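Just so it is clear, none of the values below were taken in a lab; they were calculated from the coordinates. Because the structure is a prediction, the values reported are computed rather than measured. Using ideal geometry, Cβ is built from the backbone for each residue, glycine included, and neighbour counts are taken over all protein chains shown.
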Amino acid sequence: MNKAAHKELTKNQGLVFGALTSAEGPLTAYAILDQLRDDGFRAPLQVYRALEKLLEVGLVHRLESLNAFVACSHPGCSSHHAVAFAICETCGHVSEFAPNAALADLSSWAEKAKFRPSKTTIELRGTCANCSTQSAN
Ligand SMILES: [Zn+2]
Ligand SMILES: [Zn+2]
């Protein structure tokens, strides 16, 4: 995690980041709002504003397919341009990884097609190792 970025957070941003850090899995903006009502959050917009900044500094990622958010778990994440997520559909666990080989493929395609990507999202949906083991027993 980027410590310098963390220090610059406002109180609301810190609270939203804290909610995501202590969560077991991804949270939607409304789930975050529910958790932070006691801390003075009243409107989804407050959550969205905080999330916007957290996304910008790379402390949080958005899971497009779930419309939910996770705290970054990849050390030094701000240095990678794209991240990939493996989302377990049984327990909701999310693993973050850097899809370097896949990215190399995608960018060589984009280069050939003269396509300029502004954003790359890679999400795998399925069953995590833990849940596969349990269903085998
Ligand atoms: Zn990350
Ligand atoms: Zn699982």
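A few notes on this one:
- Residue with peak Gaussian network fluctuation, the chain [Cα springs, cutoff 10 Å], from Ala113, Ala50, Ala19: Ala113
- Along the chain, counting only trypsin sites (Lys or Arg not before Pro) with a DSSP assignment other than H, G, I, E or B and at most 12 other Cβ atoms inside a 10 Å radius, the longest segment between sites is 43-113.
- The longest stretch of the chain left intact once loop-based GluC sites (Glu not before Pro) with at most 14 other Cβ atoms within 10 Å are removed from consideration, loops following DSSP, is 90-137.
- Estimated distance in nm for a label pair at Lys11 and Trp109, the labels positioned 7 Å out from Cα along Cα-to-Cβ: 4.8
- Whether the stretch 8-57 is rounded, prolate or oblate, judged on the alpha carbon gyration tensor where a/c under 1.5 counts as rounded: rounded
- Contact order, relative form, for the chain: 23 percent (alpha carbon pairs under 8 Å, 6 or more residues apart, mean separation divided by residue count).
- For Phe69, the amide hydrogen comes within under 5 Å of the amide hydrogens of Leu27, Thr28, Leu63, counting only partners 5 or more places away or on other chains and with H modelled in the peptide plane.
- Neighbour-count order for Phe41, Phe17, Phe97, fewest beta carbons within 10 angstrom listed first: Phe97, Phe41, Phe17
- For Lys7, the lysines whose Cα comes closer than 26 Å to its Cα, not counting residues fewer than 8 places off in the same chain, are Lys53.
- Residues with amide H under 5 Å from that of His93, placed H, sequence gap 5 or more: Cys88
- Shape class for the chain, computed from the alpha carbon gyration tensor (a ≥ b ≥ c): oblate, with a/c not under 1.5 and a/b at or below b/c.
- Shape call, the stretch 80-137: gyration tensor on alpha carbons, a/c limit 1.5: prolate
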